[in-house]
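Trainee: Can you keep this structure in mind? I'll have questions shortly.
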Amino acid sequence: MTYEETLHYLYTSTPVYEHSGASAYKPGLDTSLALNDYLDNPHQSCHVIHVGGTNGKGSVCHLLAAILQSAGYKVGLYTSPHLVDYRERIRVNGQMIPKEYVTGFVEKHRAFFEPLHPSFFELTSAMAFDYFRSEKVDIAVIEVGLGGRLDSTNIVTPILSIITNISKDHTQLLGNTLGEIAWEKAGIIKYGVPVVIGQMNDDTITGIFTKKALEMNAPLFCSRYEDLLDGDALLPGGRRYDTIDYGQLTGQLTGLVQVTNAVTVLCALRALLRQVDIPEEAVRSGFGHVVEFTGLQGRWQKVQSAPCTIVDTGHNAGAWKHLTAQLYTTMSATASKRRLYMVIGLSGDKDIDGILEEMPPDAFYLFTQASTGRAFPAGKLADRATSIGIICEAYDTVAAAVHEAMDMAGENDIVFIGGSNFVVAEALPLFNKKNHK
């Protein structure tokens, strides 16, 4: 099979959560264990850092990978979902897995895995571990797919577990309360393995993780109790962090939420330094060059200057608390009057009303829907928004909404594109083509 034929096979022969939602989710580790046992347990071939949580997992994973890579380690990075290319999910030192490896893996092992009926994520996870072993990586940074306790990545025994934060997302699978969601995510805490807890301002939620860590005899590092950061400031070329351990750092990721992610990473470094040598200069380099080193996209990413156009993959109410604050900060950055145009599409399994309530009320919205079965219909989204006073129009495709926003916005205005990974994934190529003409 060609690479394109292999991708078609993966998307059509295995249940894909990104396309189908809850019906593609396979809780439990039996299939993952069977796959990895057949492959002679490649997930045991290197040190692993396991990162779970609701928001910020991807940014934390990429930051840690960039720092470790700067420290001279060969680093595997496994994240999801991808935005443009499937191979974004599996990287070694920032380079995507070769197309030939993807096709070869499927051809070589399909006779074994087809009777197992693995999900798309289970099969991709096994491929990632197999590739990391073949590349002899030193450390793999592995992002949890969904939840934690029953996620197919949870077969690893890491040197460090990280839980970034907790907010309501995937409630139909993980539970309707923050406590239930926290319990599921606490499932990645392993016996005797240090665990870092990121931004947790709820004592009850913190208590759930503390209890689990005590049960598992796992050393606990909670960022809210660590003295890590004196302050931060947005700069023209990044974000400045006044840290306790490293002095002044400049981070390449500028989104307001990245302050929270930076604190989580700084806390993780304190735990990691007990096991891994990481020079101070590697921390500086990783923070300052995370995009170049890892290929990270879609985190408050400016894709055009006039009008200023920003894409971001934040897709739940917790993420939108930060995004709305960041948008207002951006709007007030100049003295000139600026209008805000929002190209937004949401997945149908999200808290639609909760997300809409967190979005800027005084913008003009161009609601749309990505070409996935999980997309919430643009017309219904517009109806929901209109009922709470939002001024909007609906568009059948992401491309149509983006083109209309570009026509409506003046050079000094701001266009924001997001609401789901799928919207960003369909929008990015529109600007990549334009920028390469």
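Trainee: Under 15 Å from the Cβ of MET216, count the other residues' Cβ atoms, weight Lys and Arg +1, Asp and Glu -1, and hand me the total. Provide the component values of the computation, followed by the final result.
Mentor: Values: positive: ARG149, LYS185, LYS190, LYS211, LYS212; negative: GLU215.
For residues surrounding MET216, the net value is +4.
Trainee: On to the next question. Dipole size in debye (nearest 20) for the stretch 283-435 around its Cα centre, Lys and Arg Cβ +1, Asp and Glu Cβ -1? Spell out each step's value before the answer.
Mentor: Values: 13 positive and 16 negative charges, 92 e Å.
Charge dipole of the stretch 283-435: 440 debye, to the nearest 20.
Trainee: List the relative contact order of the stretch 3-294 as a percent without decimals, with contacts defined as Cα pairs under 8 Å and 6+ residues apart. Kindly include the intermediate steps, with their values, before the conclusion.
Mentor: Values: 544 pairs, mean separation 68.3, N = 292.
With pairs under 8 Å counted, the relative contact order is 23 percent.
Trainee: Now a separate question. Using Cα pairs closer than 8 Å and at least 6 residues apart in sequence, work out the relative contact order for the stretch 301-435, in percent. Each step should come with its number before you reach the end.
Mentor: On the way: 248 pairs, mean separation 48.6, N = 135.
Relative contact order comes out at 36 percent.
Trainee: Right, something else. Going through the cross-link list LYS57/LYS321; LYS57/LYS185; LYS185/LYS211; LYS190/LYS212; LYS74/LYS185, which pairs have a Cα-Cα distance over 19 Å in this structure?
Mentor: Details: LYS57/LYS321 17 Å; LYS57/LYS185 12 Å; LYS185/LYS211 13 Å; LYS190/LYS212 9 Å; LYS74/LYS185 28 Å.
Long pairs (Cα-Cα over 19 Å): LYS74/LYS185.
Trainee: Count the net charge of all other residues whose Cβ sits under 12 Å from the Cβ of ASN261, scoring Lys and Arg as +1 and Asp and Glu as -1.
Mentor: Summing Lys and Arg as +1 and Asp and Glu as -1 gives +2.
Trainee: Quick one: of the DSSP bridges fully inside the stretch 3-294, what percent are antiparallel, nearest 5?
Mentor: Working: 16 of 36 bridges.
Roughly 45 percent of the beta bridges in the stretch 3-294 run antiparallel, per DSSP.
Trainee: If you place +1 on the Cβ of every Lys and Arg and -1 on the Cβ of every Asp and Glu, how big does the dipole about the Cα centre of the stretch 117-236 come out, in debye to the nearest 20?
Mentor: Values: 9 positive and 16 negative charges, 73 e Å.
Dipole magnitude for the stretch 117-236 comes out near 360 debye.
Trainee: In square nanometres and to one decimal, what's the mean projected area of the convex hull around the Cα atoms of the stretch 301-435? Numbers along the way, then the final one.
Mentor: Numbers: hull surface 28.8 nm².
Averaged projected hull area, Cα only: 7.2 nm².
Trainee: Taking semi-axes √(5λ) of the Cα gyration tensor in Å as the quantity of interest, determine which of (i) 40, 25, 20; (ii) 46, 27, 16; (iii) 32, 27, 22 was computed from the displayed structure.
Mentor: (iii)
Trainee: Neighbour counts of other C-beta atoms within 10 Å: give me TYR191, TYR328 arranged from fewest to most. The partial results should precede the final answer.
Mentor: On the way: TYR191 9, TYR328 13.
In increasing order of surrounding Cβ atoms, one gets TYR191, TYR328.
Trainee: Also: Quickly rank 309-320, 382-393 as a protection proxy: mean count of other C-beta atoms within 10 Å, highest first.
Mentor: On the way: 309-320: 22.7, 382-393: 15.0.
The densest-packed peptide leads the list: 309-320, 382-393.
Trainee: Need one number: nm distance between label points at MET1 and GLU404, each 7 Å from Cα along Cα→Cβ, rounded to one decimal.
Mentor: About 3.7 nm, to one decimal.
Trainee: Please identify the trypsin sites (Lys or Arg not before Pro) of the stretch 276-351 that satisfy two criteria: DSSP loop assignment and at most 10 other Cβ atoms within 10 Å. Which are they? Write down the numbers at each step before the final one.
Mentor: Values: sites: ARG284, ARG299, LYS302, LYS321, LYS337, ARG338, ARG339, LYS350; in loops: ARG299, LYS337, ARG338, ARG339, LYS350.
Taking the stretch 276-351 and a limit of 10 other Cβ atoms within 10 Å, the loop trypsin sites (Lys or Arg not before Pro) found are LYS337.
Trainee: Here's a follow-up. I'd like the FRET efficiency for LYS211 and ARG274, computed as 1/(1 + (r/R0)^6) with the beta carbon distance as r and R0 of 30 Å, rounded to 0.05. Please report the intermediate quantities before stating the final value.
Mentor: Working: r = 23 Å, r/R0 = 0.77.
With R0 = 30 Å, the Cβ-Cβ based efficiency is 0.85.
Trainee: Report the net charge of residues surrounding ILE159, where surrounding means a beta-carbon distance below 15 angstrom and charges are Lys +1, Arg +1, Asp -1, Glu -1.
Mentor: Values: positive: LYS190, ARG270, ARG274; negative: ASP138, ASP277.
Net of charged neighbours comes to +1.
Trainee: What order, most packed first, do the peptides 423-429, 230-236 have when packing is the mean number of other Cβ atoms within 10 Å of each residue? Show your work: numbers first, answer last.
Mentor: Details: 423-429: 22.7, 230-236: 11.1.
Per-residue Cβ counts within 10 Å, averaged per peptide and sorted highest first, yield 423-429, 230-236.
Trainee: Under a 5 Å amide H to amide H cut-off, with H placed in plane at 1.01 Å, what residues pair with THR164 once short-range neighbours are removed?
Mentor: GLY52, GLY53, THR54, GLY198
Trainee: Expressed as a rounded percentage, what relative contact order does the stretch 25-104 have, with Cα pairs under 8 Å and six or more residues apart? Intermediate results must be reported in sequence, preceding the final value.
Mentor: On the way: 52 pairs, mean separation 12.2, N = 80.
Relative contact order comes out at 15 percent.
Trainee: Ok, one more. What is the order of HIS47, HIS82, fewest Cβ neighbours within 10 Å to most?
Mentor: HIS82, HIS47
Trainee: What number, rounded to the nearest 500 deg cm²/dmol, is the helix-based mean residue ellipticity at 222 nm of the chain, given -39500 (n - 2.57) per DSSP H run of at least four residues and division by all its residues? Don't skip to the answer; put the middle values down first.
Mentor: Numbers: 17 runs with 180 residues, N = 437.
The per-residue figure over the chain is -12500 deg cm²/dmol.
Just so you know, all these numbers are worked out from the coordinates, no wet-lab data involved. These numbers come from a predicted model, not from an experiment. FYI the Cβ positions are ideal-geometry reconstructions off the backbone, even for glycines, and counts take in every protein chain you see.
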